[in-house]
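Quick notes on the structure that follows.
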Amino acid sequence: MSANFSVKVGRHNDFISPSQACVVSLNSLKKSSPQAFDDDGLVQIQSKKLLNPDFNQASALSKSDPVKVSLHDCLACSGCITSAETVLIEQQSTGEFLSQLDTGKKAVVVSLSPQSRASLAAYYGVTPLQAFKKFTGFMKSIGVRAVFDTSCSRDLSLIESCKEFVTRFRDNKNLPILASACPGWVCYAEKTHGADILPHISAVKSPQQAMGAIVKRYACSSLGLQPEDIYHVTVMPCYDKKLEASREDFVFSGEVNEETDGPQMTEVDCVLTTTEVLDLLATKSADFTALEEAPLDRLLANVDESEQLFGVQGGSGGYAECIFRYAASVLFGKEVTGPLKFKVLRNSDFQETSLEIGGKPVLQFACVYGFRNIQNLVRRIKSGKCEYHYVEIMACPSGCLNGGGQIKPRKGQSAKDLIQLIEVTYANDIEIRDPFSNKITQGLYDQWLGHPGSAKACEIMQTQYHSREKTVGSYISDW
Amino acid sequence: MSLRLVQELAGHDDRVWSVAWRPGGGPSVLASCSGDKTVRIWEHSPGASPSSATWVCKAVLDSAHTRTVRQCEWCPAGKLLATASFDSTLGMYEKIGTEISFIASFEGHENEVKSVAWNSSGSLLASCSRDKSVWIWEVLPGHEFECVSVLNGHSQDVKMVTWHPSRDILVSASYDNSIKVWAEDVDGDDWRCVQTLAAPGRGHTSTVWGISFNATGDRMVSCSDDLTLMVWDTSADCVSTSADGVAPWKHLTTISGYHDRTIFSVHWSRVNGLIASGAGDDCIRVFDELRDNVSTLPGEGLSYEMVLKQEKAHSTDVNCVRWHPKEPRLLASAGDDGVVKIWELVGGDLPLLSNESLPYDPRG
């Protein structure tokens, strides 16, 4: 996971951290002795330990070509944060967002995540509804065409995940299923664990990419636009969502006609973190608390006619809980009502729940957040000792509400106090509703995708993962 | 005082990085690890005088690693031997009787693991890596090891980890010139950095290569590429650090002017109270506290003098020095020349510490 620089400079110390092994061989760094390169290409003038064969091997592989680092390389790597940062700043920044608005060539559409909404609400001391309306008012005032809510696309991801689970459970194939919504986790799994783990990861797209698909491949017509005329921005609690948006898997072709292939388009053009929204407000000298509460775009937002926000339980998307209830009902005829009881294991970021029939556990689910817990889970899966059927995995401790892109604690506020406040705010005034009963997702199926789990739904709502090979970069330093 | 070479232990095919005395009873046992990817187990002849040249290599352990073994450490009971390797894994061997078998390997670090250390009870294991992270593992029954915490805080390669001799407080030393102290949260949910010993306060100005506590754990010594040793007062309860970031562990004194090349290793004897250093100038030095200072305040006016310097202890860099855990006059060293050396301290009155203060596991 390469882009979580915000977390790194913050207080949290348990996440998938950047390491030094860039997949791009930094050829220009290779020199002969007596200089040894320690980490990050810093030169330490000292002849010690240059004789190591591993070092020589790395040197022998060097060439003199200039180094080019693309975002795609960075996706495959948790090597250096600086190159990824540079690329991301160029392509997905408040500056790029504002310049898109300025040129006016494309209609700018913004999708706000409920986690970012909670972070803004907690920071400004307003309700999530107020935060959403003020955010909408601000975005509209600077020229944004529409403001949507990814709780809505998340319901679509959840429904498809339920379907996927039941299918795989019946086939007893690649269990446990591991959640795919966290790009930090996905990136880490691709780079570090490859074929051992990737088949376990849910093929269903994250709420961000589901929203991207909906906006550019379906809803654009409701807005009277072609997909290539839309610049789609999401606001996320997480820097790695920028990397996710840049994956080649999320590039699709527009209309094909007889002469040309369709234009290549990305589902999401730009991801801004919650913190970057603060920057944006500052740039525009906007006082958030004084902003007008604008009406919401109900086309793609979980808000009903009485302005009641609704969604699922769980700050990280509620995957485990939602799929558990669905599977209990569909597979075992058990309707699980009331809040699910999770048992805390080693620490609060490792919890499990199960459905027992006749004293035997038939469904075993877990929520596993933070790098340390992911380590133990992955080791269990690799050694065949993992009993779970589904695991909601998130790279950040405490999950997505504590994402690296969330607004930092105010002075004197502890990180723990802040996350507790955001958790309370997140659930505040949100009515818990079953994704299957969401009229918007029902409409999407009726008019576009067919039915949950249909071939078309799978084609549009699923993605794939790729093992990334490490290269010699990881062998530069050896002492 | 001087060092007499008891025996030179040859066998490794590459530089020797580290040595570890096995705690516990029976004949003295020393493990050494090397760039040749192996660990060698050396045993002293049972019943022979401690300073007799009766060391033999009992085993060559080569099952765990595909690259350099950077450090090896016995658990306090002397039953398990943990290894840290540049192949990014940790290895675990178990000693049953005279047999030593490979029992587990654990992954997690992104790249070269530089150091491994057991806590005083043997229930926790720490490791650190070039990936800048420090990991804490819990030892579970049935040869299982679970990751308890992954600690990010250092901005560079972490060179060494070591535990306080009696409390569950972990110390790490890094290429970022700092020493960090880690402890468990009050609520027991995770570990965190409770203090950083570094400039702009008192701290090393270059890579910190090694750290070692004294027997009681109220002092710690660190060695660095800045050619100094620093002695720290570690008696303060560092878990309840104030939020203002003031390190409760205090710098006591800096031992400078003795080394002119990088100091790679430092070890504080838990038996004789002397500090040994191993450096890039091929020398081993031994330091003792100057005891004629009369001071009412602890640490005030504290200074250390060099009581011996062994020139050409190894033909190239001295990578590791370790005092014997029980025999007050025995010291082991490891060098880039591929050999392990056992030394006897000759002459001088040794300030023997009482055995009660020794933190070693009584079960051993």
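The values are calculated or read from the model by the stated rules, or taken from the named source; none is laboratory data. Remember, predicted model here, so these are calculated numbers, not experimental data. Cβ atoms come from the backbone with ideal geometry, glycine included; neighbour counts cover every protein chain shown. The protein model used for the area step is the full one, side chains on, heavy atoms only, and it has no ligands, DNA or RNA in it. Shrake-Rupley method; radii C 1.70, N 1.55, O 1.52, S 1.80 Å.
Residues in the stretch A:376-404 that are open to solvent by 60 Å² or more (accessible area, probe 1.4 Å), under 16 Å from B:GLU144 (Cα atoms) and part of a loop (DSSP other than H, G, I, E, B): 3 in all. Taken together, the criteria exclude B:VAL286 from residues that are outside any loop (DSSP other than H, G, I, E, B), modelled with pLDDT of 95 or more and either in contact with a Pro (Cβ under 8 Å, 6 or more places away or on another chain) or within 19 Å of B:THR205 (Cβ to Cβ) (or both).
I'd like to know if the stretch A:410-429 contains one or more residues that are more than 19 Å from A:LEU175 (Cβ to Cβ), open to solvent by 10 Å² or more (accessible area, probe 1.4 Å), among the aliphatic types (A, V, I, L, M) and in contact with a Gly (Cβ under 6 Å, 6 or more places away or on another chain).
No: zero hits.
The single residue among A:THR136, A:THR150, A:THR167 that is at pLDDT 95 or above and farther than 19 Å from A:ASN302 by Cα turns out to be A:THR167. Residue count for the stretch A:414-431 satisfying the condition of being more than 22 Å from the chain's Cα centre (by Cα) and not in a helix (DSSP H, G or I): 4.
Looking at this structure, is A:GLU305 open to solvent by 70 Å² or more (accessible area, probe 1.4 Å) and out of contact with any His (no Cβ under 9 Å at 6 or more places or on another chain)? In short, yes. Within the stretch B:86-97, not a single residue is away from chain A (no Cβ under 14 Å) and under 24 Å from B:GLU8 (Cα atoms).
Taking the criterion of being at pLDDT 95 or above, surrounded by 22 or more Cβ atoms within 10 Å (Cβ to Cβ) and under 24 Å from A:ARG379 (Cα atoms), would at least one residue in the stretch B:98-108 satisfy it? Scanning the stretch B:98-108, I find no residue that is at pLDDT 95 or above, surrounded by 22 or more Cβ atoms within 10 Å (Cβ to Cβ) and under 24 Å from A:ARG379 (Cα atoms), so the answer is no. Assess whether A:SER180 counts as being modelled with pLDDT of 95 or more and outside any helix (DSSP H, G or I). Against the criterion (modelled with pLDDT of 95 or more and outside any helix (DSSP H, G or I)), A:SER180 qualifies. Restricting the stretch A:271-291 to residues that are among the polar types (S, T, N, Q) and closer than 20 Å to A:GLN208 by Cβ, the residue that is most open to solvent (accessible area, probe 1.4 Å) is A:THR275. Can you find a residue that is outside any loop (DSSP other than H, G, I, E, B), open to solvent by 10 Å² or more (accessible area, probe 1.4 Å) and away from chain A (no Cβ under 14 Å) anywhere in the stretch B:62-75? Yes, the conditions are met somewhere in the stretch B:62-75. Within this structure, B:SER235 passes the test of being more than 14 Å from every other protein chain (Cβ to nearest Cβ), at pLDDT below 95 and in a loop (DSSP other than H, G, I, E, B). Please go through the stretch A:223-246 and give me each residue that is in contact with a helix residue (DSSP H, G or I) (Cβ under 6 Å, 6 or more places away or on another chain) and of a type in the set (Gly, Ala, Ser), ordered by number. Once the filter is applied, which keeps residues that are in contact with a helix residue (DSSP H, G or I) (Cβ under 6 Å, 6 or more places away or on another chain) and of a type in the set (Gly, Ala, Ser), the stretch A:223-246 yields only A:SER246.
If the condition is being facing chain A (nearest Cβ under 7 Å) and part of a strand (DSSP E or B), then the stretch B:131-156 contributes B:SER133, B:GLU146, B:CYS147, B:VAL148, B:SER149, B:VAL150, B:LEU151, B:ASN152. Among the conditions (1) hydrophobic (A, V, I, L, M, F, W, C); (2) more than 14 Å from every other protein chain (Cβ to nearest Cβ); (3) within 30 Å of B:SER105 (Cα to Cα), A:VAL378 misses just one, which is (2).
Please verify whether the stretch B:101-116 includes one or more residues that are part of a loop (DSSP other than H, G, I, E, B), touching an Asp or Glu at 6+ places or on another chain (Cβ under 8 Å) and charged (D, E, K, R). Give the derivation first.
Filtering the stretch B:101-116 for residues part of a loop (DSSP other than H, G, I, E, B) gives B:107-112.
Now drop any that are not touching an Asp or Glu at 6+ places or on another chain (Cβ under 8 Å), which leaves B:109-112.
Among the residues that remain, those that are also charged (D, E, K, R) are: B:110, B:112.
Yes: the stretch B:101-116 contains one or more residues that are part of a loop (DSSP other than H, G, I, E, B), touching an Asp or Glu at 6+ places or on another chain (Cβ under 8 Å) and charged (D, E, K, R).
For the stretch B:181-193, state whether one or more residues are within 12 Å of chain A (Cβ to nearest Cβ) and either of a type in the set (Lys, Arg) or over 25 Å from A:VAL344 (Cα atoms) (or both). Working first, answer last.
Narrowing the stretch B:181-193 to residues within 12 Å of chain A (Cβ to nearest Cβ): B:182, B:184-193.
With the extra rule that they be either of a type in the set (Lys, Arg) or over 25 Å from A:VAL344 (Cα atoms) (or both), the set shrinks to B:192.
Yes, the conditions are met somewhere in the stretch B:181-193.
Let's see how each residue does on (1) in contact with a His (Cβ under 7 Å, 6 or more places away or on another chain); (2) farther than 16 Å from B:CYS320 by Cβ; (3) hydrophobic (A, V, I, L, M, F, W, C); (4) in a loop (DSSP other than H, G, I, E, B):
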position: B:LEU3; (1), (2), (3), (4): no, no, yes, no
position: B:VAL6; (1), (2), (3), (4): no, yes, yes, no
position: B:ASP13; (1), (2), (3), (4): no, yes, no, yes
position: B:TRP17; (1), (2), (3), (4): no, no, yes, no
position: B:ALA20; (1), (2), (3), (4): no, no, yes, no
position: B:PRO23; (1), (2), (3), (4): no, yes, no, yes
position: B:GLY26; (1), (2), (3), (4): no, yes, no, yes
position: B:LEU30; (1), (2), (3), (4): no, no, yes, no
position: B:TRP42; (1), (2), (3), (4): no, no, yes, no
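Across the stretch B:157-210, the qualifying residues are those that are hydroxyl-bearing (Ser, Thr, Tyr) and assigned to a loop (DSSP other than H, G, I, E, B), and the one among them that is most open to solvent (accessible area, probe 1.4 Å) is B:THR205. In the set A:ILE357, A:ILE407, only one residue is among the hydrophobic types (A, V, I, L, M, F, W, C), open to solvent by less than 20 Å² (accessible area, probe 1.4 Å), at negative phi and more than 14 Å from chain B (Cβ to nearest Cβ); that residue is A:ILE407. Answer yes or no as to whether A:ASP249 is modelled with pLDDT under 95 and assigned to a helix (DSSP H, G or I). Considered against the rule, which asks whether it is modelled with pLDDT under 95 and assigned to a helix (DSSP H, G or I), A:ASP249 comes out as yes. For B:ALA117, the criteria (1) in contact with a His (Cβ under 7 Å, 6 or more places away or on another chain); (2) under 21 Å from B:ALA64 (Cβ atoms); (3) more than 9 Å from every other protein chain (Cβ to nearest Cβ) hold in every case but one, which is (1).
Within the stretch A:311-339, track down each residue that is more than 21 Å from the chain's Cα centre (by Cα) and not in a helix (DSSP H, G or I).
A:GLY333, A:LYS334, A:GLU335, A:VAL336, A:THR337, A:GLY338, A:PRO339
Looking at A:SER253, A:SER222, just one residue is touching a residue at least 60 places away in the same chain (Cβ under 8 Å) and of a type in the set (S, T, N, Q), and that residue is A:SER222.
Please work out if A:CYS396 is within 13 Å of chain B (Cβ to nearest Cβ) and under 24 Å from A:ASP155 (Cα atoms). The answer is yes for A:CYS396.
Evaluating A:PHE436 against the criteria (1) under 22 Å from the mean Cα position of the chain (by Cα); (2) in contact (Cβ under 8 Å) with a residue 40 or more places away in the chain leaves one unmet condition, (1). Would you mind stating whether B:CYS57 is open to solvent by 30 Å² or more (accessible area, probe 1.4 Å) and not hydroxyl-bearing (Ser, Thr, Tyr)? Yes; evaluated as a whole, the condition is true for this residue.
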